[in-house]
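Below: the structure, in structure tokens.
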Amino acid sequence: MPDADKISVRIRVNGEHREATVEPRTLLVEFLRNHLNLTGTHIGCDTTYCGACTVLLDGRTVKSCTLFAPMADGSEITTVEGLSTNGNLHPVQKAFADCHGLQCGYCTPGLLLSTLHLLSKTPKPTDQQIRKAIAGNTCRCTGYQNIFKAVRAAAADMEKG
Amino acid sequence: MYSHPFSYHRVATLEEASKLLLHLGDEARVLAGGQSLIPLMKMRLARPAALVDINGIPGLNTIERVNGELRFGALVRHADMEDSEIAASIPILHDCAAGIADVQVRNQGTIGGSLAEADPSGDWSAVLLTLDTSVRCVGTNGDRTIPLEEFIKDAYTTVLRPGELVREVLVRVPPKGSGSAYVAFKRSAPVYATVSAAVQLVLDGRNICKHARIVLGCVGLTALRAKDAEEALRGKAVGEKSIQAAADAAHEAAQPQSDMRGSAEYKRVLVAAFVKRAIGIAARRARGEQVEAGHEYAGR
């Protein structure tokens, strides 16, 4: 594809302005991983199923394998790299670690962002609300029970402030 | 996975989108939420040469009630609908919105895109066909409003002309004494339903069904009105016998195909069971009960 057909995509990722010139068909997840070197966002199924590629787009979770990068132009993105501050884990990350809410860790970046999105909308979720909130994130290791524990622990921790 | 290359165009108004689509020709497609189109493009089942992205058009994500009508802008996301108090005044809308795929897809997918895509397994067409719904479209010759039953012609096919787009979806609020329900069965959250049933009833004070609309999803090339099932309820008391007759009629009306989601006969049995369930919930709601309904899947 000639360079003239490439387009410039500017986004704010984890509070920083970033820009790259890419083919329009570049998926948001590839833009993050290959052009901005933010490899914390994973590619699992690449078919809008597994949720490993979940990021926050203007505060709402999306599957970044199912957006073309130009669609995110001008928006605010949060990836897993943006969760900790000065080396301190975010309460959601800490809860997943403390509760063994992960084994291989491949699905974890997506689950962390789905949890964050849930708790930003529903600070005290019921078990049913938790199940519904993470229904778009597949984990093949944990059997989900420790993930539920982690989400409940994160909710309790964040409520304390 | 990479889609076929395409040129990308962002527009600021629907009128601009309409002109540009005509200019770009048959190989151009509208890009709304992209939750159907982008997977199709990645699998190369769709290979548009150009995309016209309408996401930046202001004012297309509003939900309002004007007189007896709810108006949804083309870019209202399923999640917006799920959270909308205005939309909740017609419970079947919430049943549907809250269970389409998963949170991430609901945050991005749009009602206008869902109707324009006309996927036989799409949820919105089945739900909205039970209500008096019309689609307001914009083209280079101005706007026209099309009843939903005329809007969807066939699988993946609408009456939209070249250069025409959905502007908003208009839904008439049903009368007092109405009850509706949408139930869908899917194998897991992110996938399309295997079958679905949407029911809208009006009962009089003596439990007699004055009006019924029953629509089956995923068991035909489009969502199907099951008119014999409606007939089985109309003018009768809503009870075990009439509900069973309606379910039997739905079993006959379904035109399912065997595929990876199940055999045709399995889907017939399932859709009849879901019609039964949806009528029961709609009737309870018509009598003023609060009942939950929606998509059902393992682990929900």
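What follows draws every value from the coordinates through simple rules; no lab data is involved. Source: prediction; values computed, not measured. FYI the Cβ positions are ideal-geometry reconstructions off the backbone, even for glycines, and counts take in every protein chain you see.
Give the cross-link partners of A:LYS132 among the aspartates and glutamates, using a straight C-alpha distance below 12 Å as the criterion and excluding same-chain residues fewer than 8 apart.
A:LYS132 reaches B:ASP102, B:GLU296.
Translational D (Stokes-Einstein, µm²/s) of the protein assembly as shown at 25 °C and 0.890 mPa s when Rh comes from the Kirkwood sum over C-alpha pairs?
Translational D for this selection: 107 µm²/s.
To the nearest 20 debye, what is the magnitude of the charge dipole of segment B:178-296 about its Cα centre, counting +1 on the Cβ of each Lys and Arg and -1 on the Cβ of each Asp and Glu?
220 debye
What nm value, rounded to one decimal, do you get for the distance between B:TYR266 and A:ASN86 when each label is placed 7 Å out toward the C-beta?
Label at B:TYR266, label at A:ASN86, 5.7 nm between them.
Along each of the three principal axes of the Cα atoms of segment A:91-160, give the extent in whole Å, ordering the values from largest to smallest.
Over segment A:91-160, Cα extents along the principal axes are 29, 22, 17 Å.
Return, ordered by residue number, the residues of segment B:93-135 whose backbone nitrogen is under 14 Å from a label point located 7 Å along Cα→Cβ of B:VAL66.
B:134-135
Measure nothing fancy, just the Cα-based angle from helix B:14-24's long axis to the longest principal axis of chain B, in degrees from 0 to 90, nearest 10.
Once rounded, the angle reads 60 degrees.
If I model a spin label at B:ASP259 and A:ARG152 as a point 7 Å from the Cα along the Cα→Cβ vector, what separation in nanometres do I get?
3.9 nm
Mind ordering A:76-89, B:152-165 by average Cβ neighbours within 10 Å, highest first?
Those peptides, ordered most packed to least, come out B:152-165, A:76-89.
If we sort A:32-43, B:71-82 on the protection proxy, mean other Cβ atoms within 10 Å, highest first, what's the order?
Answer by packing, highest mean first, reads B:71-82, A:32-43.
Sort largest first and round to whole Å: the equivalent ellipsoid semi-axes of chain B, each the square root of five times a Cα gyration tensor eigenvalue.
Its equivalent ellipsoid spans semi-axes of 33, 21, 16 Å.
To the nearest 20 debye, what charge dipole does chain B have about its Cα centre, counting +1 at the Cβ of each Lys and Arg and -1 at the Cβ of each Asp and Glu?
440 debye
Size of the dipole of segment A:21-129 about the Cα centre, Lys and Arg at +1 and Asp and Glu at -1 on the beta carbon, nothing else charged, in debye to 20?
The calculation lands at about 220 debye.
How big is Rg to Rh over segment A:20-161, alpha-carbon atoms, Rh as the Kirkwood inverse-mean-distance radius?
0.96
What's the average, rounded to a whole number, of partner chain beta-carbon atoms within 10 Å of each residue's beta-carbon in A:46-55?
The per-residue average across the peptide is 4.
Which whole-number value in Å³ per residue fits the convex hull of the alpha carbons of segment B:80-210?
Residue-normalised Cα hull volume stands at 119 Å³.
Quantify how strongly other chains surround peptide A:21-31 by giving the mean number of their Cβ atoms within 10 Å of each of its Cβ atoms.
Mean inter-chain Cβ contacts per residue within 10 Å come to 3.
Quick check: Cα centre of segment B:8-62 to Cα centre of segment A:30-45, how many Å?
25 Å
At R0 = 56 Å, how high is the FRET efficiency between B:ARG234 and B:ARG47 if r is their beta carbon distance? Nearest 0.05 is fine.
Efficiency at R0 = 56 Å is approximately 0.75.
For chain A, list the DSSP H helices whose alpha carbon atoms reach 15 Å or more along the long axis and whose average Kyte-Doolittle value is -1.0 or above?
A:108-121, A:145-160
Between the alpha-carbon centers of segment B:98-114 and segment A:108-161, tell me the distance in whole angstrom.
Here the two parts' Cα centres lie 20 Å apart.
Looking only at other chains, what is the average number of their beta-carbon atoms within 10 angstrom of each beta-carbon in A:129-136?
That average works out to 5.
Nearest 10 degrees, 0 to 90: what angle lies between the long axis of helix B:240-253 and the longest principal axis of chain B (Cα atoms)?
In chain B, helix B:240-253 runs at an angle near 40 degrees to the longest axis.
So which residue, out of B:ASP248, B:ASP204, B:ASP123, gets the largest mean-square fluctuation from a GNM of chain B using Cα contacts under 10 Å as springs?
Fluctuation is largest for B:ASP204.
Karplus couplings for segment B:109-123 from phi (6.51 cos²θ - 1.76 cosθ + 1.60, θ = phi - 60°), rounded to Hz, Gly and Pro as x?
x, 10, 5, x, x, 4, 5, 5, 6, 6, 5, x, 9, x, 7
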